[in-house]
1. Under 9 Å from the mean Cα position of the chain (by Cα), assigned to a helix (DSSP H, G or I) and β-branched (V, I, T): is that true of I23 in this structure?
2. Got at least one residue in the range 14-25 being modelled with pLDDT under 95, aliphatic (A, V, I, L, M) and surrounded by fewer than 13 Cβ atoms within 10 Å (Cβ to Cβ)?
3. Criterion first (at pLDDT below 95, part of a helix (DSSP H, G or I) and either on the phi < 0 side of the Ramachandran plot or surrounded by fewer than 10 Cβ atoms within 10 Å (Cβ to Cβ) (or both)) does I42 satisfy it?
4. Among (1) touching a helix residue (DSSP H, G or I) at 6+ places or on another chain (Cβ under 6 Å); (2) in a helix (DSSP H, G or I); (3) not charged (D, E, K, R), there is one condition A12 misses while meeting the rest; what is its number?
5. Take the range 27-39 and flag every residue that is in a helix (DSSP H, G or I) and surrounded by 10 or more Cβ atoms within 10 Å (Cβ to Cβ).
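The values are calculated or read from the model by the stated rules, or taken from the named source; none is laboratory data. A quick note: this is a predicted structure, and the numbers were derived from the prediction, not measured. All Cβ positions, glycine included, derive from the backbone under ideal geometry; neighbour counts span all protein chains shown.
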Amino acid sequence: MTTPEIQKKAEAFENNWPVVKKILAEFESYGIYIADVNPSNIQFLL
């Protein structure tokens, strides 16, 4: 099930969303939870 909030975040990150989910999971494994996930605080450089 996808909530509207998660859907908006997935749309904002486009093709990078799977990588963002892995990054968030890694942070969470250290007890760090990022509440405001958006392209301004997780950026992908070419």
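1. yes
2. No; the residues of the range 14-25 include none that is modelled with pLDDT under 95, aliphatic (A, V, I, L, M) and surrounded by fewer than 13 Cβ atoms within 10 Å (Cβ to Cβ).
3. Numbers: at pLDDT below 95: yes; part of a helix (DSSP H, G or I): no; either on the phi < 0 side of the Ramachandran plot or surrounded by fewer than 10 Cβ atoms within 10 Å (Cβ to Cβ) (or both): yes.
Judged against the criteria, I42 is not a match.
4. (1)
5. Residues of the range 27-39 in a helix (DSSP H, G or I): 27-29.
Scanning the range 27-39 gives F27, E28.
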